[in-house]
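Working notes, beginning with the structure itself.
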Amino acid sequence: MFKKILIANRGEIALRIICACRELGIKTVAVYSEADENSLHVRFADEDVCIGPARSTDSYLNVPAIISAAEITGADAIHPGYGFLAESAYLAEVCEACHIKFIGPYPNVIRLMGDKARARRAMKKAGVPVLPGSDGPVQSEDQAVKTARELGYPVIIKAVAGGGGRGMRIVRTPEELPKALRTATREAEAAFGVGDVYLEKYVESPRHIEVQVIGDHHGNVVHLGERECSIQRRHQKLIEEAPSVALTEKQRRKLGATVVEAARAVQYANAGTFEFLMDPQGHFYFLEANTRLQVEHPVTEFVTGIDVVKEQILVAAGRRLSFKQSDVQFRGHAIECRINAEDPETFAPSPGLIHAFSVPGGPGVRVDTYAHSECTVSPYYDSLIAKIITWGRDRTEAIARMRRTLEMTVIEGIRTSIPLHLKVLADPDFVAGRLDTHFMERYLSEKKKDGGSLAETA
Ligand code: MV4
């Protein structure tokens, strides 16, 4: 087993990984930027190394600095968390070359999934349903026009190097296509350095449903069920839950089995998430695979009782998965609210000093956070300060626990998304489970019409 793990991350996820290491008796190394010197992840790690200035390109994205920190401290493995270098095939390769275990999939699998057109083709070949679309990147305007005509409008243009919703264009008529193709290509080139784009049939009003998998290095893969992630704004998820109310037990088993087979086909090891769109008729289509631990993994942990981060570490060390698919039992319902340091109405970031911070516990409540009274939320990094996750025997109980937890949470000195969460949790469509990826857009525009203010209830 590893003796020492370096955590190449910050914030709540760095603390979450420290929790797993402590339970396994593994020493930890924190890396931090000059802005994070007084953070809890530094305080609770056994050792710490400053890797550069506040800007993440100079610190948390600095591969040589992170590898040097691992070598100096004698760490056997690096856990990348999510964001930053978590899906860097390059970091995974450098780790291999330096005989440091990268806690994640093989570099070639990270690279495959990073190319959304290749990933699509690989999944299709493995028997996973994908949307009708171009076979690989579009080669010319003529070809795109022809493909779009065959697919039927609307279509969506996606960047091969994109993902998470960046660089997409919905095209509703043939007239719009040439211009949309040019802008999408230009934007992809500017954002990712690769201008390649591909086409897919556009699905109206889908749900976003994703399946958690974990594989070991002996060819075993199991799925840990799905998460419903339709409550998002501008591709930032706000609320996630498990299970999805939209799936029958039969659909869950079928989707799970399909994903497990596909993950095996690409020799998937460690934790991963396969994202799907579910259309209003209940059909599933593969979107992309995330080759990392995800922000919303706690809802899966709550309903399965499996510690995903501990399992990631164990399989990276070469252990076989300690459970079979038939050992995975789903119990009750879990919901996560992402608490961001931002204005609940304008969504403008709200960094600064937190004077007071208190979240009540009680039955079925989990809080993953780096925040505490008198801590500072830095403007340099993303605005997620806490994840509040509640569990209930059913969805109604999980929602009730979330509401009373948010109502009794005290965060003073900065603005947070809590008032927005409380409104959504009281929305009749949310309560009924009538969700799709346009829920928040619809919700926010209706609120505007009503003249309703979140500040009134804040
Ligand atoms: C789509 C789609 C509709 N049709 N693809 C956005 C994130 C990226 N992973 C893929 N995305 C979408 N792809 C087709 N063919 C709609 C979205 C989409 C979306 C997906 C998941 C969650 C939220 C979303 C919000 C807007 C659009």
key: Estimated FRET transfer efficiency when R0 is 51 angstrom, pair residue 38-residue 175 (beta carbons, to 0.05)   = 0.35
query = Using a simple spin-label model with points 7 Å from Cα along the Cα→Cβ vector, what separation in nm is obtained for residue 330 and residue 264?
reply = 2.1
task = Work out the FRET efficiency for residue 393 and residue 186 from their Cβ-Cβ distance, taking R0 = 45 Å, and round it to the nearest 0.05.
result = 0.30
ask   = What are the radius of gyration and Dmax of the range 207-450, computed over its Cα atoms and given in Å?
value = 18.3, 57
ask   = Which value in nm describes the separation of the simple spin-label points at residue 432 and residue 376, placed 7 Å from the Cα toward the beta carbon?
value = 4.9
Heavy atoms of residue 210 accessible to a 1.4 Å probe, total area in Å² rounded to 10 = 0
message = Apply the a/c threshold of 1.5 to the C-alpha gyration tensor of the range 151-310 and tell me whether it is rounded, prolate or oblate.
response = prolate
key: Cα pair distances of the range 4-103 binned at 5 Å [whole percent]   = 3, 15, 29, 28, 19, 6, 0
query = Which lysines have a Cα lying under 30 Å from the Cα of residue 124, excluding residues fewer than 8 positions away in the same chain?
reply = 116, 146, 158, 179, 201, 237, 250, 254, 324
Projected label distance in nm at residue 348 and residue 71, using a 7 Å step from Cα toward the beta-carbon = 4.6
message = Ignoring ligands, DNA and RNA, please state the percent of accessible area on the chain from carbon and sulfur, probe 1.4 Å.
response = 50
ask   = For all pairs of alpha-carbon atoms in the chain, what percent lies in each bin of width 20 Å, listed from the first bin to the last filled one?
value = 24, 59, 17, 0
Order of exposure, largest accessible area first, which applies to 185, 409 with probe 1.4 Å = 185, 409
Estimated FRET transfer efficiency (residue 19, residue 97; beta-carbon r; R0 30 Å; 0.05) = 0.50
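The values are calculated or read from the model by the stated rules, or taken from the named source; none is laboratory data. In this text, all values refer to a predicted model and were calculated from it rather than measured experimentally. Cβ coordinates were reconstructed from backbone atoms using ideal geometry, including for glycine residues, and neighbour counts include every protein chain displayed. When the accessible area is computed, the model is the full protein with side chains, heavy atoms only, and any ligands, DNA or RNA have been set aside. Shrake-Rupley method; radii C 1.70, N 1.55, O 1.52, S 1.80 Å.
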